[in-house]
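One structure below.
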Amino acid sequence: MEVLNSYKYACKAGSITCLTLFISWMFLPNILFNIFAIEYNNYTIFLGQRIAALFFGLSIILFFLANENNARVQKILSVSFAISCLILAYSGVTGLQNGAAGIGILIAIIVELFFAFWFFYSTWKISFSILINETNE
């Protein structure tokens, strides 16, 4: 289970996921609209493409910071990405409840919760290692 314990692997998996979402939202939005049972029109396509740009940026950030050794940077990235995933999951749940999204949104919710807990766990390990290193000095 070394993979789940690693900040580096969480960043790389997050980067690949965000890159996949960028490609999907930018070039194949109809697939996502069908999965999430969302109306496909000019407005939703426009928003999907803007969301794609954000996912591309996140993908780049996660890719380049995967090998970052600075614990403070790791912790900031992990906490901010985890909180963003929790907010996305909450948004998915409320969208499902009020009928704005179909049952397919559960896939996104599960992935978002997985990444949130993975990055929070990574943050806990980073904080614990900082504490151990400070007490050993």
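The values are calculated or read from the model by the stated rules, or taken from the named source; none is laboratory data. Treat the numbers as computed from the prediction; the structure is a model and nothing was measured. So basically every Cβ, Gly included, is an ideal-geometry build from the backbone, and we count neighbours across all protein chains shown.
All told, Leu54 falls short of being in a helix (DSSP H, G or I), of a type in the set (A, V, I, L, M) and either in contact with a strand residue (DSSP E or B) (Cβ under 9 Å, 6 or more places away or on another chain) or touching a residue at least 40 places away in the same chain (Cβ under 8 Å) (or both). On inspection, Thr44 qualifies as at pLDDT below 95, in a helix (DSSP H, G or I) and closer than 27 Å to Asn34 by Cα.
Check Ser91, Ser59, Ser84, Ser78 and return the single one that is among the hydroxyl-bearing types (Ser, Thr, Tyr), closer than 22 Å to Ser24 by Cβ and crowded, with 17+ Cβ neighbours inside 10 Å.
Answer to the selection: Ser59.
What about Gly99, is it small (Gly, Ala, Ser), surrounded by 14 or more Cβ atoms within 10 Å (Cβ to Cβ) and either without any contact (Cβ under 8 Å) to a residue 12 or more places away in the chain or not in a loop (DSSP other than H, G, I, E, B) (or both)? When the stated conditions are applied, Gly99 does not pass them.
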